[in-house]
Amino acid sequence: MTQLSLHHISLPVRDLARSAEFYDYTLGLPRLPRPEFGFDGLWYGCGDGQLHLIVNPEGTYRNGPVTGRDIHFALSTKDFDGFIARLTAAGYSEDAAPDDPKRLRVSRDSDAGFAQIFLMDPDGHLVEINRARG
């Protein structure tokens, strides 16, 4: 049977500069070269996969509180506590109101079997950061 692996995730964004600040500095993802497609966007490296941002104001965007029970993508880190400190320095907080876009939901002992952080990017896309195994 042919094995599949994840190549990339594409997300629509409204404001590329605002999104770039989040993915460049808040998450610290490395940029990758991107072909000229005739529309704006950015590519980022995520381990063996990629994250593609595509400027599309008419894209699908979510509204609502930070929860792990909605469409999201997950990244892993070996420095879970260091990543919480990084997000806190960027203005994210577990104490923020449920509808605050800078709210963190942290579960150090989740039912998934590994620690998890959930947060939103500037366009409301849900991002999970979890503790890497091993």
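The values are calculated or read from the model by the stated rules, or taken from the named source; none is laboratory data. Just so we're clear, the structure is a prediction, and the values are computed from it rather than from any experiment. No Cβ is skipped: glycine too gets one built from the backbone with ideal geometry, and neighbour counts run over all protein chains shown. Heavy atoms of the whole protein, side chains included, go into the accessibility calculation; ligands, DNA and RNA do not. Shrake-Rupley method; radii C 1.70, N 1.55, O 1.52, S 1.80 Å.
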N63/S10 FRET efficiency (R0 22 Å; Cβ-Cβ; nearest 0.05) | 0.65
For the range 48-89 and the range 1-35, write down the distance between their C-alpha centroids in whole Å.
-> 10 Å
If you roll a 1.4 Å probe over the heavy atoms of the protein chains, what accessible area per residue do you get for the chain, in Å²?
-> 61 Å²
For the A17, A90 Cβ pair and Förster radius 25 Å, calculated FRET efficiency rounded to 0.05 is 0.95
How large is the dipole of the range 1-81 about the Cα centre if only Lys and Arg carry +1 and Asp and Glu carry -1, each at its Cβ, rounded to the nearest 20 debye?
-> 140 debye
Over the range 1-78, with every protein chain in place, what whole percent of the accessible area is carbon and sulfur at 1.4 Å, could you tell me?
-> 53 percent
